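Worksheet for the structure shown next.
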Amino acid sequence: MHMLKERGDRQILPSEITPQTVYRDRRRLLQGLGLALTGTALAGPASAQTSARPGKLPALAATRSPLPGALTMEKTTPYNDASTYNNFYEFGTDKADPARYAGTLKPRPWTVAVEGEVKKPGNYDLDALLKLSAMEERIYRLRCVEGWSMVIPWVGWSLAELIKRVEPTGNAKFVQFVTLADRAQMPGLNSSVLEWPYVEGLRIDEAMHPLTLLAFGMYGEVLPNQNGAPLRLVVPWKYGFKSGKSIVKIRFVDKQPKTSWEEAAASEYGFYSNVNPKVDHPRWSQATERRIGEDGLFTKKRPTLMFNGYEAQVGQLYAGMDLKKFY
Ligand SMILES: Nc1nc2c(c(=O)[nH]1)N[C@H]1C(S)=C(S)[C@@H](COP(=O)(O)O)O[C@H]1N2
Ligand SMILES: [Mo]
């Protein structure tokens, strides 16, 4: 009797009525739709809808992106994994090197030069760039050519915002991204694994696509050095190496520009490098991927999606193209 009474008095939490997992999924679903359950710790000002901050670096406020495809519902990769398992060869080729050695990178003051086939070339100070357009959170899948992937809440704005302001001429068919190459800050430059500076490029319509993000932060904070501070590109439907880190120059050109990875091994890394499970790398399959942070001995690999799952948004850009030839 006594026991029963005690039970009857006890407050029942909603999380007990619904099985834990269902409750959590529903909560994530509501958050994804921009709604929050009332009475949770998530209630608060505008930034409340965005991802929780790890509290390591200065906050970078943003609102969730309204763009179709910009907010995958998949579970985000833990910050600790996203900031310790990196590719940033300027700091070494081991995945742990960037987190270990990128402390010497000085992300401020920072200037980005915009040049070439534009009516308004010029030097843009980082502080001006931070204010150029409204910061959005975009939760993107990032698929690396080596077969792993992550889900990262980036903070930034569409590169198109900058491109529109500098007014490309009719000759601007491609955009080249040049990243920092400073021996004083980057010990990896002593190695000849790649040609420095690390350069990447996009076709102008790819660069103008709203999903192409100029990112200044992740997980609600400014970018950690190892993830490409103070600004980097994120092109979610392409292999990770297309997303150059620590950009110092954006050049508009009339011919397809050179890229570091094509220069290093043209037969393995093409200019387009769209994520494509049907086009294998010459040395390995691209059909599946390992999600960083969930790799146990028995964890199944995930199937890789065409254009990394962004086909509905970007497929049109490649209509009629032979994607085996233009890999
Ligand atoms: N400057 C520069 N940018 C770079 C790289 C690099 O070595 N140098 N590596 C690329 C590769 S291969 C990948 S997979 C992504 C990794 O980004 P992340 O470490 O933030 O996940 O950055 C890309 N951008
Ligand atoms: Mo990569």
Single unsatisfied condition, TRP237 versus (1) within 12 Å of ligand 1 (Cβ to nearest atom); (2) buried (at least 24 other Cβ atoms within 10 Å of the Cβ): (1)
Here the residues within region 119-153 that are within 16 Å of ligand 2 (Cβ to nearest atom) and assigned to a strand (DSSP E or B) are TYR140, ARG141, LEU142, ARG143, TRP148, SER149, MET150, VAL151, ILE152
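To keep it simple, each residue is scored yes or no on (1) open to solvent by less than 70 Å² (accessible area, probe 1.4 Å); (2) more than 16 Å from VAL175 (Cβ to Cβ); (3) more than 16 Å from ligand 1 (Cβ to nearest atom).
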| residue | (1), (2), (3) |
| --- | --- |
| SER243 | yes, no, no |
| ILE250 | yes, no, no |
| PRO257 | yes, no, no |
| SER285 | yes, yes, yes |
| ASN308 | yes, yes, no |
| GLU311 | no, yes, yes |
| PHE326 | no, yes, yes |
Find the residue count for region 94-112, including only residues that are within 27 Å of ASN274 (Cα to Cα) and surrounded by fewer than 19 Cβ atoms within 10 Å (Cβ to Cβ). 3
Can you name the residue in region 295-306 that is part of a loop (DSSP other than H, G, I, E, B) and in contact (Cβ under 8 Å) with a residue 12 or more places away in the chain and, of all such residues, is surrounded by the most Cβ atoms within 10 Å (Cβ to Cβ)? THR304
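Mind checking which strands (runs of 3 or more DSSP E) fall wholly inside region 174-290 and carry at least 3 residues that are touching a residue at least 60 places away in the same chain (Cβ under 8 Å)? Quick ask: steps written out before the conclusion?
Working: elements: 174-179, 199-203, 213-218, 232-234, 247-253.
The strands (runs of 3 or more DSSP E) meeting that bar are 174-179, 199-203, 213-218, 247-253.
Could you tell me which residue of region 39-72 is nearest to ALA229 (Cα to Cα), considering only residues that are in a loop (DSSP other than H, G, I, E, B), open to solvent by 70 Å² or more (accessible area, probe 1.4 Å) and modelled with pLDDT under 95?
Of all residues in region 39-72, those in a loop (DSSP other than H, G, I, E, B) come to 39-45, 50-58, 60-62, 65-70, 72.
If we keep only those that are open to solvent by 70 Å² or more (accessible area, probe 1.4 Å) too, we end up with 39, 41, 43, 45, 52-53, 56, 58, 61, 66, 68.
Next, from what is left, pick out any that are modelled with pLDDT under 95: 39, 41, 43, 45, 52.
Numbers: GLY39: 36, ALA41: 30, ALA43: 30, PRO45: 27, ALA52: 20 Å.
Among them, the one singled out is ALA52.
The values are calculated or read from the model by the stated rules, or taken from the named source; none is laboratory data. Just so you know, these numbers come straight off a predicted model, no measurement behind them. Cβ atoms come from the backbone with ideal geometry, glycine included; neighbour counts cover every protein chain shown. The accessibility values were calculated without ligands, DNA or RNA, using every heavy atom of the protein model including side chains. Shrake-Rupley method; radii C 1.70, N 1.55, O 1.52, S 1.80 Å.
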